[in-house]
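A short write-up of the structure that comes next.
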Amino acid sequence: MNYFPDEVLEHVFDFITSHKDRNSVSLVCKSWYKIERYSRQRVFIGNCYSISPERLIARFPGLKSLTLKGKPHFADFNLVPHDWGGFVYPWIEALAKSRIGLEELRLKRMVVSDESLELLSKSFVNFKSLVLVSCEGFTTDGLAAIAANCRFLRELDLQENEVDDHRGHWLSCFPESCTSLISLNFACLRGEVNLGALERLVSRSPNLKSLRLNRAVPLDTLQKLLMRAPQLVDLGIGSYVHDPFSEAYNKLKIAIQRCKSIRSLSGFLEVALHCMSAIYPICGNLTFLNLSYAPGLHGNKLMKLIQHCRKLQRLWILDCIGDKGLGVVALTCKELQELRVFPSDPFEAGNAAVTEEGLVLVSAGCPKLNSLLYFCQQMTNAALITVAKNCPNFIRFRLCILDPIKPDPVTNQPLDEGFGAIVQSCKGLKRLSLSGLLTDQVFLYIGMYAEQLEMLSIAFAADSDKGMLYVLNGCKKLRKLEIRDCPFGDAALLEDVGKYETMRSLWMSSCEVTLGGCKSVAEKMPSLNVEIIDESEQMEFNLDDKQKVDKMYLYRTLVGHRKDAPEYVWIL
Amino acid sequence: MSPPLLGVEEEVQSSVSSPSVECISENGMGLKERNYLGLSDCSSVDSSGVSSNLNLATELRLGLPGSQSPERETEFCLLNLGKLDEKPLFPLLPSKDGICSSSQKNVVTGNKRGFSDTMDGFSEVKGYVYTEKSWMFHEAGSDSESPQSVGHGKYPGNSGVNVILSTRSPGVQASVKQDEPANVLQEQPRATNGTSLKQTVISNNTTGAPAAKAQVVGWPPIRPFRTKTLAASSKNNDEVDGKPGPGALFVKVSMDGAPYLRKVDLRTYSTYQELSSALEKMFSCFTLGQCGSHGTAGKEILSESRLKDLLHGSEYVVTYKDKDGDWMLVGDVPWEMFIETCKRLKIMKSSDAIGLAPRAVEKSKANNKKEFGYGC
């Protein structure tokens with residue numbers, strides 16, 4: 001029942017920005033549904049196969065910003081073949097045909113072709129923002145099209161994409177009239193860029209706040225860019241190698257000191273340790289420091305740098321920082337909320353330089369810590385229990401012990417108790433990744449305590465189906481569950497198939513589920529797509545229901561089977 | 001194998017009160033002591049490791065009076081594994097060394113899942129994992145030498161492979177070393193399926209030098225973009241300015257009068273002092289004195305007087321050849337800069353190095369003026 005005219009309600013809804021809230025609003029009544037859908041400008045689609053572009057367009061004609069995610073998360077780790085799917089072209093095509101005034105497109109783990117980029121650049125007059133994360137399939141030619149055709153482009157943000165770099169002059173394709181850039185991130189490109197064009201572009205972009213360069217941009221260009229853009233808030237340095245006695249280096253020091261607004265620093269893809277002192281003047285204001293691509297930065301120089309960063313809230317670092325280095329972080333970065341420690345030598349587990357000690361130190365020194373990604377050599381239950389006590393505010397807790405089933409090295413016990421302490425203490429935990437030796441017990445704890453858990457990643461864990469059942473029964477808010485190499489079979493899979501409709505997706509690989517089990521799920525739940533990914537194509541020849549399925553990915557959908565699946569994907 | 005058997009038994013009989021350890025050590029054949037009759041004081045079951053003998057294992061499994069084979073109990077649970085000290089399962093070399101790769105796949109080492117390899121695509125990962133497990137437990141108790149027996153209760157009847165190892169009782173600790181390879185009882189290796197895992201020999205030394213490891217697909221969970229970029233970073237650092245990546249940085253060290261050269265990894269040191277001590281140890285008649293940094297940042301510049309002391313005080317000086325091919329006195333520049341430019345070290349008599357000193361001192365002076373450039 002509306003006491004207010006629609007326009008008033010619309011105005012009220014403008015203040016409701018979170019996707020969840022807007023979704024809830026639309027469920028109140030038909031009238032609210034209608035008002036909400038016409039006023040909705042931003043839509044987030046976590047699984048591009050859960051809905052079709054046509055239905056999206058039909059429901060939200062006022063759409064301006066679309067976020068799409070394609071491949072399942074484990075695609076990041078080579079578990080999903082390249083051409084599995086997640087193509088953005090049909091979306092852009094459909095949007096282009098309609099009258100949607102798309103302004104922003106954010107894609108993650110999708111396949112983006114140059115054609116799609118070209119079509120995108122030509123179809124939406126007001127297109128402003130393109131963000132691509134972990135995507136693939138395009139070249140710098142596609143970027144050239146975006147640069148050339150999007151007259152009001154504000155944001156071009158490329159994060160960790162696999163781009164075929166043709167070393168063309170895509171940067172030169174930004175017309176002289178383009179002065180609207182706010183954010184430019186091409187750090188992931190491997191090829192040369194036209195430095196002159198870059199300098200001119202930065203010169204004519206007074207609103208530029210975020211600039212992340214790739215490895216091909218040398219120090220002296222960096223200095224010139226900083227002179228032209230002292231208003232930068234976020235800087236990604238490509239190459240940081242120079243002679244500390246040179247004129248260019250002196251100039252750089254001066255330039256950096258002028259950049260009083262920099263709050264976020266990343267890159268250092270190549271680094272000369274003796275040049276780090278130039279950075280110190282801006283360290284005191286940094287809230288985000290990403291050195292996870294800078295293996296050349298280590299030892300005392302790294303420590304000195306960190307010691308200057310007293311306001312740091314997010315730190316991404318390589319494990320060559322060591323436990324001692326993490327101790328320095330604990331003493332210095334009292335505002336730290338997010339820590340990510342990546343392995344510098346991932347395939348030689350014996351070399352991982354951080355252990356449970358570093359984590360304990362950080363947890364003791366940084367009580368605001370709420371987000372963790374930690375690759376380490378080993379972990380103990382005692383350490384995890386201590387961390388849980390020190391930091392009860394974890395929202396994301398992702399622990400990766402490089403040896404996948406390593407027990408507590410002190411007691412030789414599984415890490416059940418440690419992780420149990422984490423879920424019990426961190427009542428707001430939304431995302432959890434487990435590793436190390438784990439039995440069914442840890443899943444009992446997770447089911448009991450992790451009430452807010454939305455995403456769970458499990459590998460090489462558990463003893464039996466009970467593990468999976470504890471989770472499915474206990475975690476009411478679970479949205480994404482991904483499992484590899486665990487002894488979960490049909491009994492667990494089939495216990496409560498209705499649950500999967502409340503979730504975005506379930507991934508199970510190298511488990512014990514059989515073809516028959518998967519078929520059963522598909523039969524009972526037509527609202528799910530149950531995909532069997534079988535690269536070796538054994539399934540073709542052996543349709544025995546008892547056969548174990550190597551990779552299964554199921555997800556809820558409103559639009560049935562997708563039509564673009566490759567041959568080795570069998571949708572039941 | 002009867003003669004040795006008899007021999008052992010005789011020994012056992014003749015020395016009832018002595019611990020089994022002695023019996024074994026007397027046994028030149030390195031046989032494990034068998035205790036079919038429960039005659040010795042050995043309270044636990046011994047099994048023959050010498051010949052591959054399924055029968056023997058079966059016999060033992062039936063349980064001898066007074067025998068103790070905790071590893072075989074069906075209610076054996078994962079947690080118990082940790083308490084036992086185990087040896088790696090299939091070491092090719094005595095005790096501490098690698099595990100035979102061909103047998104990795106088949107081992108069900110009491111892995112909590114207890115899966116056996118099935119034909120249809122059970123990932124080889126498990127083989128890797130199993131081996132890892134036993135490997136880890138070896139770490140846990142490296143003194144004991146009892147190989148882990150398998151017999152996870154959950155999947156006893158599987159048609160796949162259940163490797164049963166003959167166990168060595170915890171009581172019998174000695175002279176196991178020779179017997180390792182023979183301990184293994186295994187069925188035919190499972191044919192590999194089409195997975196792309198590489199199986200390599202795994203060193204059971206988790207904390208020591210890295211050996212080639214079997215690569216599990218998708219583990220550790222890192223985006224390929226990241227690993228590629230880091231690899232490229234290291235490579236580029238090498239190429240761009242001769243600065244080495246985070247890996248080792250070996251340079252040749254020659255000394256006047258020494259018959260051969262040595263090599264040192266500059267990355268293992270963080271100050272000139274450390275390098276000096278190491279070189280001293282390496283060339284024992286060599287004295288470097290107090291060359292180089294005081295160990296604190298910002299004071300890495302050699303003072304003029306110090307340098308003179310150095311040269312007058314010691315018989316030898318250390319010089320290095322830099323990127324440009326010039327021979328320089330060690331100690332002038334900050335450590336990080338030094339290791340970036342050093343290509344080779346040479347320990348020469350100070351009398352030969354006199355020519356270098358004035359230059360070095362001048363450079364020191366010049367460096368003092370540029371103080372701000374250091375300590376960064």
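The values are calculated or read from the model by the stated rules, or taken from the named source; none is laboratory data. Remember, predicted model here, so these are calculated numbers, not experimental data. Cβ sites come from the backbone with ideal geometry, for glycine too, and all protein chains shown count toward neighbours. Heavy atoms of the whole protein, side chains included, go into the accessibility calculation; ligands, DNA and RNA do not. Shrake-Rupley method; radii C 1.70, N 1.55, O 1.52, S 1.80 Å.
Using a probe of 1.4 angstrom and keeping all protein chains present, the accessible surface of the stretch A:503-571 works out to 43 square angstrom per residue.
Per atom type, the stretch A:223-344 shows carbon and sulfur on 52% of its accessible surface, probed at 1.4 Å.
Mind listing which trypsin sites (Lys or Arg not before Pro) in the stretch A:372-446 are in a DSSP loop and have 13 or fewer other Cβ atoms within 10 Å? Counting only loop positions with at most 13 other Cβ atoms within 10 Å, the trypsin sites (Lys or Arg not before Pro) in the stretch A:372-446 are A:Lys427. Inter-label distance, A:Ile571 to A:Lys34: 3.3 nm, where each label sits 7 Å from its Cα along the C-beta direction. To the nearest 100 Å², how much accessible surface do chains B and A hide from each other in total, with a 1.4 Å probe? Buried area between the two chains comes out at roughly 6200 Å².
Under the simplified labelling scheme, the A:Gln159-A:Glu176 pair shows an inter-label distance of 3.6 nm, with each label point 7 Å from Cα along Cα→Cβ. Rounded to the nearest 20 debye, the dipole magnitude of the stretch A:503-571 is 460 debye, with +1 charges on Lys and Arg beta carbons, -1 on Asp and Glu beta carbons, and the Cα centre as origin. Legend: P(r) of the stretch A:384-482 from all alpha carbon pair distances, 10 Å bins from 0, whole percents, reading 18, 55, 26, 1.
Using the Karplus relation 6.51 cos²θ - 1.76 cosθ + 1.60 with θ = phi - 60°, the per-residue 3J(HN,Hα) values for the stretch A:266-282 come to 8, x, 6, 5, 10, 9, 9, 4, 7, 9, 6, 4, 4, 7, 3, x, 9 Hz, with x marking Gly and Pro. Remark: for residue pairs A:Lys389/A:Lys430; A:Lys64/A:Lys427; A:Lys427/B:Lys228; A:Lys406/B:Lys263, the C-alpha separation exceeds 29 Å in A:Lys64/A:Lys427; A:Lys427/B:Lys228; A:Lys406/B:Lys263. Close amide H partners of A:Leu318, meaning residues 5 or more places away or on another chain with modelled amide H under 5 Å apart, are A:Phe342.
Annotation: the antiparallel percentage among DSSP beta bridges lying fully within chain A is about 15. Can you compute the FRET efficiency between A:Arg59 and A:Leu494 using 1/(1 + (r/R0)^6), with r the Cβ-Cβ distance and R0 = 45 Å? Round to the nearest 0.05. About 0.85, to the nearest 0.05. Over all orientations, chain A has a Cα convex hull whose mean projected area works out to 26.9 square nanometres. Couplings for the stretch A:98-111, taken from phi via the Karplus curve 6.51 cos²θ - 1.76 cosθ + 1.60 with θ = phi - 60°, read 7, 9, 5, x, 5, 10, 9, 9, 10, 10, 9, 6, 10, 9 Hz in order; Gly and Pro are left as x. Model label sites at A:Phe4 and A:Arg151, defined 7 Å from Cα along the beta-carbon direction, differ in position by 3.7 nm. Just how far, in whole angstrom, is the stretch A:285-340 from the stretch A:64-95 if you go by their alpha carbon centroids? When both Cα centres are located, 33 Å separates them.
Full extension of the chain between A:Asp564 and A:Thr139 yields a length gain of 150.8 nm, computed as 0.36 nm times the residue separation minus the alpha carbon distance. Which whole-number percent of Cα pairs in the stretch A:503-571 have a distance greater than 21 Å? Percent of Cα pairs beyond 21 Å in the stretch A:503-571: 18.
Placing a label point 7 Å from the Cα of B:Asp256 along the Cα-to-Cβ direction, the residues of the stretch B:327-351 whose backbone N falls under 17 Å of that point are B:327-330, B:345-351. Dividing the helix sum by the residues of chain A, where each DSSP H run of 4 or more adds -39500 (n - 2.57), gives a mean residue ellipticity at 222 nm of -9000 deg cm²/dmol.
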